[in-house]
Amino acid sequence: MNICRWGAAVGALGPFLYICGGSDDASRLETVERFDPFSNVWVPSVPMSSSRNGVGVTAGNGRIYAIGGFYRGIRVDLLQLVPVVRRLDDAFH
């Protein structure tokens, strides 16, 4: 990973891993990184709309979803579509 973090969530979409949110030593993060196992490299992806740690992540229908977490110390019940570079269907056609 490019950013050391804790309290983040990881989801798999196709051959890629996505790590979303979490905290570093200074603040909560909205950043998303994608691991490409073919090149063995973490690359930045489109960030979430809000910084959260303790977030849950799931994948479905070619997309990654971030659910809940803590934002500014308050537990949020928020479902967010995490933008990926392209849908899984498009990535391999």
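Give me a count of the residues in region 4-31 that are in contact with a Gly (Cβ under 8 Å, 6 or more places away or on another chain) and among the aliphatic types (A, V, I, L, M). So the answer is 5.
In region 13-40, of all residues being open to solvent by 60 Å² or more (accessible area, probe 1.4 Å) and in a strand (DSSP E or B), the one that is farthest from residue 68 (Cα to Cα) corresponds to 17. In summary, residue 57 fulfils each of the numbered conditions (1) in contact (Cβ under 8 Å) with a residue 40 or more places away in the chain; (2) buried (at least 16 other Cβ atoms within 10 Å of the Cβ); (3) in a loop (DSSP other than H, G, I, E, B) with the single exception of condition (3).
For region 10-29, indicate whether the set of residues that are at negative phi, polar (S, T, N, Q) and free of Cβ contacts under 8 Å to residues at least 40 places away in the same chain is non-empty. Walk me through it before giving the result.
Initial filter on region 10-29 (at negative phi): 10-13, 15-20, 23-29.
Next cut, polar (S, T, N, Q) only: 23, 27.
Adding the requirement that they be free of Cβ contacts under 8 Å to residues at least 40 places away in the same chain leaves 23, 27.
There is at least one residue in region 10-29 that is at negative phi, polar (S, T, N, Q) and free of Cβ contacts under 8 Å to residues at least 40 places away in the same chain.
Filtered by the rule that a residue be modelled with pLDDT of 90 or more and open to solvent by 70 Å² or more (accessible area, probe 1.4 Å), region 41-54 gives a lone residue, 44.
The values are calculated or read from the model by the stated rules, or taken from the named source; none is laboratory data. Please read all numbers here as calculations on a predicted model, not as lab measurements. Every residue, glycine among them, receives a Cβ derived from its backbone with ideal geometry; neighbour counts consider all protein chains shown. With ligands, DNA and RNA removed, areas are computed over all heavy atoms of the protein, side chains included. Shrake-Rupley method; radii C 1.70, N 1.55, O 1.52, S 1.80 Å.
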